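Here the structure is laid out as structure tokens; the discussion comes afterwards.
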Amino acid sequence: MRISIEKTKQPKKRPTEKELADIAFGTTFTDHMLLIDYNEGRGWHDARIVPYGPLSLQPASTCLHYGQLIFEGLKAYRARGGSLVMFRPDQNMARMNSSCERMCIPKIDEREFAEAIAKLVETDEEWVPSLPATSLYIRPFIISNDAFLGVHPSSSYMFIVILCPVGAYYKEGLAPVKIYVEDEYVRAVKGGTGFAKCAGNYAASLKSQVEASEKGYSQVLWLDGVERRNIEEVGAMNVFFVIDGEITTPELNGSILPGITRKSVIELARSWNVPVAERRIAIDELAAAHSEGKVSEAFGAGTAAVISPIGEMKWKNAVMRFNDGKIGEISQRLYDEITGIQTGAREDKFGWVHKIK
Ligand code: PLP
Ligand code: COI
């Protein structure tokens, strides 16, 4: 894919490494962005890296009305020896295509689009932070762009990528977070869009998130939308419990996001011969196992959050505390291994790291 590059004439002052490590997640953007247009008949075309700045959209643009909008999240790292790498970009591009399919958005060429993202990261490489626990968060997204108020799939789209240097997603860092088990609102149902990374899933989650945060919780844990009983996932993470020594996580059932960190956790644990079960976990079953002292750890896994230990979970009147509110042995081992692979400190046995330069 040919990509034109227009460099900014007004580069921003890059924050210091220390400032970057302390920046709140997703608030600082780099100097450039990537745009690729789609029109029916022409396909994806005009890939260009341009100065980061406002987009110009028609007010009738369909994404603004009906939310035909999907996104992805992945990270680039400054690895050992100064090289520049991305973590499993092929997986993000494959998931983007799965979201495209669900939302009637034309598919992308996974390899070419990953290469275009790599080019953008290289263009802004001085923004990639290098302190431990920092990275460059990459946000690709696709918006529908017809100026038309009828409800049907758009015939034009824009693929956009923006970048932000980030530290920890939660202000707690690697300290355990508090999670509220949502028993009133639901996030997704089978047949809906739960498995796709579409903007509407997140809009629908905000009310619950706000109410949980007012009660002092960082995020909510979703239960299934029908029985309101089976554990699904956390706001921006897949969820894991170590029950009787077995790493247990909800199976991919169509209503939860198939997380790439989730997949990496499962592949790593199995390679260590630690048993992993992907299955249905009812919240009352978890509470019973917890009261019998069988749940030794709980943690979330996601690109932004990496591995995030869960110290406490509130479900109705019950409060479950895990591992005395401290990070558990398996959570720590997974965090160390995943971040070690991402930054080149540990061997990349699975070939997850994509070298940009
Ligand atoms: N579940 C939801 C709802 C998410 O937003 C995310 C974040 O992307 C995840 C799970 C974790 O997915 P991944 O590990 O691919 O980032
Ligand atoms: C990610 O981990 O990439 C996410 O998408 C979480 C988020 C919505 C900020």
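Each peptide among 147-158, 32-43 gets the average number of other Cβ atoms lying within 10 Å of its residues, and from highest to lowest they stand as 32-43, 147-158. Label positions at Glu251 and Glu292, each projected 7 Å from the Cα along the C-beta direction, are separated by 2.1 nm. Rank Gln68, Gln342, Gln58 by mean-square fluctuation in a GNM of the chain with C-alpha springs under 10 angstrom and give only the top-ranked residue. Maximum among the listed residues: Gln58. Every helix of 4 or more DSSP H residues in the chain counts as -39500 (n - 2.57), and over all residues that averages to -7500 deg cm²/dmol at 222 nm. Listing Met320, Met313 from fewest to most neighbouring C-beta atoms within 10 Å gives Met320, Met313. Bridging of Lys107 to lysines at a Cα separation below 21 Å is possible for Lys119, Lys197, once same-chain residues fewer than 8 apart are set aside. Quick check: the angle from helix 89-102's long axis to the longest principal axis of the chain, C-alpha only, nearest 10 degrees? Here the helix axis deviates by roughly 90 degrees. Using R0 = 35 Å, the C-beta based FRET efficiency linking Glu285 and Glu40 works out to 0.10. Placing a label point 7 Å from the Cα of Glu17 along the Cα-to-Cβ direction, none of the residues of region 143-182 has a backbone N under 14 Å of that point.
For region 203-357, what number of Lys pairs, 8 or more residues apart or on separate chains, have alpha-carbon atoms under 18 Å from each other? Taking region 203-357 as the scope, the lysine pair count is 9.
The modelled label-to-label distance between Arg321 and Arg48, using points 7 Å beyond Cα along the C-beta direction, is 5.8 nm. How big is the antiparallel share of DSSP beta bridges in region 177-343, given as a percent to the nearest 5? Percent antiparallel among DSSP bridges in region 177-343 is about 65.
No lab work stands behind these numbers, since they all come straight from the coordinates. None of these values were measured; they are calculated from a predicted model. Here the Cβ is made from the backbone with ideal geometry for all residues, glycine too, and neighbour counts use every protein chain on show.
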